[in-house]
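K.L.:
Take this structure first; my questions come after.
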Amino acid sequence: MFRTSDRYIFTEWLRYFSLCLSLSLGILLLEDMYNHLHTLLQQGVPFLKIGYYYFLLCPQLSHLAIPVAFFLSLLLALGQLRQHNEIAAFQTSGISLLGITRSLALVSVMLSSLLTYFQCHLIPHTQQIFQEYQRQLAHSSEDPQPRKVLYHVGWNDVQQHRLWYMRELEPSQGIAIAVNLHEKDADGHEKRRISAARAFFNAETKRWTFYQGQMVTFDTQTYYPVSSILFECYDVEDLWSSPQLFALHHKKPEELTFKELRTVLRHQREVQVEGILAEGSALKSHRILYWSYLFSPWSCCVLFMIALPCAAVGIRTDSMASIAKAAGFLFLFYLLSHGCRALGLCGFLTPPLAAVCPYLLLALCVIPSYRLHI
């Protein structure tokens, strides 16, 4: 049951949160406007479409704006209460600092749940619509449905021992230009090479068809070419890789959404079920980033843990001391995140442990502050 003090503290925090969220989201939008708004205006894009463009951009910026706004609003609200001796008055009446801020603790859990929904469902959906709308705005009205073409696509498929290279790839149509496929044995020696002017992927039959190319076969003992065949059309049925998967691997792991990361990892699990195991640095990076996406929405709870003891400094202490202390904890969390990620890539930590360790280590660092002030 909420007390009158809970509603009062929540109202005080909500005022600061609304202001900080507007400022943080506005700064992120201004950065995009500085980079792209003049281009849209030069192309004669109507203001209504520009407004819709930034409307689609807002959900993608929420996972950055909401934690920052929540942290700043906590420092401001709790600092204001401490400055007017209201926290001391509550504690004198027998209420602990955790009891005073229990409404804000509930808010941190609700915001973390909201960010989890954004991360898993809303952001991937809006980002797909946003990218398609962005491509349409980048082209003239004479080409209302521009093609999405990727250039110089390469992928070292360590699970299947295949090295791909395509000069051009259109994932939506499954068409590739100037394709080279190098198939290797378990020791990394080339056993077959297929070079074709173009290739087409049939999504129904799950196979690639190569056109106007050459197939070279290598000897398994000497690794020298033993045969070379020219072909007009050649079908390969035992290839797993789809154009959409190539497009995902063409991106950096940090550019992938949670849904795209899940697709990449699902494909890797399917390959491992077939008995082909591999643990390269790229695979580790995808797994660590996937688990980081799962834990990152709960950063609001971590920020609440940091802000609470920082705002509970003594009455005579300068308010800048709490801000400096909070900044120190944030910097420590930044170092722990990068350190645990490096240990995960080196194989010292499993991907789930590399993602959760920064939160656990930070909690151990913050606990002494709770013992002093709460």
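K.L.:
Is one or more of the residues making up the range 70-88 under 22 Å from I306 (Cβ atoms), among the basic types (K, R), part of a helix (DSSP H, G or I) and at pLDDT below 85?
P.N.:
For the range 70-88, residues under 22 Å from I306 (Cβ atoms), among the basic types (K, R), part of a helix (DSSP H, G or I) and at pLDDT below 85: present.
K.L.:
Which number in (1) farther than 18 Å from S242 by Cβ; (2) of a type in the set (D, E, K, R); (3) surrounded by fewer than 16 Cβ atoms within 10 Å (Cβ to Cβ) marks the one condition that E204 misses?
P.N.:
(1)
K.L.:
Pull out all pairs, ordered by first then second residue, where Cβ-Cβ is under 8 Å, the residues are six or more apart or on different chains, the first lies in the range 115-131 and is more than 19 Å from L294 (Cβ to Cβ), and the second is modelled with pLDDT of 75 or more and of a type in the set (A, V, I, L, M, F, W, C).
P.N.:
T126/L56; I129/L56; F130/L56; F130/L57
K.L.:
Right, next: For the range 187-206, which positions are within 14 Å of Q173 (Cα to Cα) and among the basic types (K, R)?
P.N.:
Matches in the range 187-206: R198, K206.
K.L.:
Among the residues of the range 9-32, is there at least one that is of a type outside the set (S, T, N, Q), over 33 Å from the mean Cα position of the chain (by Cα), farther than 21 Å from I123 by Cβ and modelled with pLDDT of 80 or more? Break it down into steps so the answer makes sense when it comes.
P.N.:
Of all residues in the range 9-32, those of a type outside the set (S, T, N, Q) come to 9-10, 12-17, 19-21, 23, 25-32.
After this cut, where a residue has to be over 33 Å from the mean Cα position of the chain (by Cα) as well, the list is 9.
With farther than 21 Å from I123 by Cβ added as a condition, the list becomes 9.
With modelled with pLDDT of 80 or more added as a condition, the list becomes 9.
Yes, because at least one residue in the range 9-32 is of a type outside the set (S, T, N, Q), over 33 Å from the mean Cα position of the chain (by Cα), farther than 21 Å from I123 by Cβ and modelled with pLDDT of 80 or more.
The values are calculated or read from the model by the stated rules, or taken from the named source; none is laboratory data. Here the structure is a predicted model, which means the values were calculated and not measured. Backbone-built Cβ (ideal geometry, glycine too); neighbour counts: all protein chains shown.
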